[in-house]
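Chemist: Just passing along the structure, written as structure tokens.
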Amino acid sequence: MSDNAINRTDSAAPAPGRIAALLALAVALIALPFIVKAIGQPALVPLATRVLIYAIAAASLNLALGFGGMVSFGHAAFFGIGGYAVGILYRTFSDDAFFLGFIPGTDQLLVALPAAILVAGLFACVIGALSLRTSGVQFIMITLAFAQMLFFLFVSLKAYGGDDGMTIRRRNALFDLNTRDDVTFYFICLAIAALVFLALWRIVGSRFGMVLAGIRQNERRMAAIGIAPYRYKLAAFVISGMGAGLAGALMANYLRFVSPDMLHWTKSGELMIMVILGGVGTLLGPLLGAAALVILETVLTSWTEHWQLVLGPILLLVVLFTQGGLNDLLARLGLGRSAP
């Protein structure tokens, strides 16, 4: 990759088909609560909210995995830390106390979300700074080990529910909005998801994103032209962790409950499946993957308790026959392919 190529920040103009598909998707997501109410299926609104939250988490992981080539098996840690940040701040607020003796609690969404992003980012910085000194299988195992360490740490915290988790009595407040209403909370999550995907689109199309792609393709060549891969990979890893923390904070509000299960390695596996199912290294792939996995899980669990035996072959067929995931399948159907 030449230096001129790295400095080129303008991505190719989006195809008309892609623009039409994005507009149709945006309209469908905005109209969804009204449509499901009209057809008498209001329970689909919480399901769509869950999809949006997981889409944020999967898209954040995709920045590290798909665009940076870092196969992290520890992103559940950042997801759970974001959730626990919301839970602990709310518990501290309810008890009219101070966390660690000097941090006041809050029930305000505009305070809790940035706090969750900041804490997840700090943990991602520490874990990334140590893990990125390795690569390949070692990197995967170290990120997995850190996630499991944090999982057992929260299991041991009896003050915050331990293994049983912690209940959050009410969702965080946002101005005068009724966040207890599922439709209102859906639109909050939709707005945040739109901002996250817009930010990721800008990052991927920027000089930083192009350097990151170059590092993924050939790290030695990028080092040879004077670029320090470690700093770029660490920055991408931290941004990715912050996104996962944001998703965890939204999930804690959505469920009004947090537990160590949010940090378990199987949650990292779920996020990775969403990325692979939707399309690794594509912007909209994680959204498609999250929607497919959450909907399939919901439908199959209503049929049988052994739903995972059915889900496995379905995922296998999608991955084997679509090559680039659902994003590639939609492109073959003429619905456009997401950037880059």
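The values are calculated or read from the model by the stated rules, or taken from the named source; none is laboratory data. Given the structure is predicted, the values throughout are model-derived calculations rather than measurements. Note: ideal-geometry Cβ built from the backbone for every residue, glycine included; neighbour counts use all protein chains shown. Heavy atoms of the whole protein, side chains included, go into the accessibility calculation; ligands, DNA and RNA do not. Shrake-Rupley method; radii C 1.70, N 1.55, O 1.52, S 1.80 Å.
Chemist: Kindly identify the range 246-340 as rounded, prolate or oblate by the Cα gyration tensor criterion: order the square roots of the eigenvalues as a ≥ b ≥ c, call it rounded if a/c is under 1.5, otherwise compare a/b with b/c, prolate if a/b is larger, else oblate.
Modeler: Taking the square roots of the gyration eigenvalues as a ≥ b ≥ c, the range 246-340 is oblate.
Chemist: Would you please give the residues with an amide H less than 5 Å from that of L157, counting only those at least 5 places away or on a separate chain, with H modeled from the backbone geometry?
Modeler: Excluding prolines and chain starts, which carry no amide H, the hits are G162.
Chemist: Per-residue counts of other Cβ atoms within 10 Å, averaged by peptide: what ranking do you get for 165-176, 184-195, highest first?
Modeler: Per-residue Cβ counts within 10 Å, averaged per peptide and sorted highest first, yield 184-195, 165-176.
Chemist: Do the sum for the chain: with -39,500 (n - 2.57) for every DSSP H run of n ≥ 4, divided by all residues, what is the mean residue ellipticity at 222 nm, to the nearest 500 deg cm²/dmol?
Modeler: Helix-only estimate at 222 nm: -23000 deg cm²/dmol.
Chemist: Okay, next question. Classify the range 130-241 as rounded, prolate or oblate, taking a ≥ b ≥ c as the square roots of the eigenvalues of its Cα gyration tensor: rounded when a/c is under 1.5, otherwise prolate if a/b is larger than b/c and oblate if not.
Modeler: oblate
Chemist: Continuing with the same structure: Which value, in Å², gives the accessible area per residue of the range 91-139 when a 1.4 Å probe is used on the protein heavy atoms?
Modeler: For the range 91-139, the solvent-accessible area averages 59 Å² per residue.
Chemist: Carbon-plus-sulfur fraction of the accessible area of the chain, 1.4 Å probe, in percent?
Modeler: Heavy-atom surface of the chain belonging to carbon and sulfur, 1.4 Å probe: 67 percent.
Chemist: Does the range 82-198 come out rounded, prolate or oblate by the C-alpha gyration tensor, with a ≥ b ≥ c the root eigenvalues, rounded set by a/c under 1.5 and, if not, prolate when a/b is larger than b/c and oblate if not?
Modeler: It is oblate, given that a/c is not under 1.5 and a/b is not larger than b/c.
Chemist: Within a Cβ distance under 11 Å of V86, other residues only, what is the Lys/Arg minus Asp/Glu net charge?
Modeler: That works out to +2.
Chemist: Would you please give the residues with an amide H less than 5 Å from that of A173, counting only those at least 5 places away or on a separate chain, with H modeled from the backbone geometry?
Modeler: Q108, L109
Chemist: When ranked by the protection proxy of mean other Cβ atoms within 10 Å per residue, highest first, what sequence do the peptides 241-254, 319-332 form?
Modeler: 241-254, 319-332
Chemist: Check I227: other-chain or 5+ apart residues with amide H under 5 Å from its amide H, H built from backbone geometry?
Modeler: none
Chemist: What net charge is computed for the residues neighbouring L263, neighbours being all others with C-beta under 13 Å from the C-beta of L263, Lys and Arg scored +1, Asp and Glu -1? Kindly include the intermediate steps, with their values, before the conclusion.
Modeler: Working: positive: K267; negative: D163, D261, E270.
Spelling it out: positives minus negatives among the neighbours equals -2.
Chemist: I need the peptides 120-132, 71-83 ranked by packing, meaning the mean over residues of other C-beta atoms within 10 angstrom, with the highest value on top.
Modeler: 71-83, 120-132
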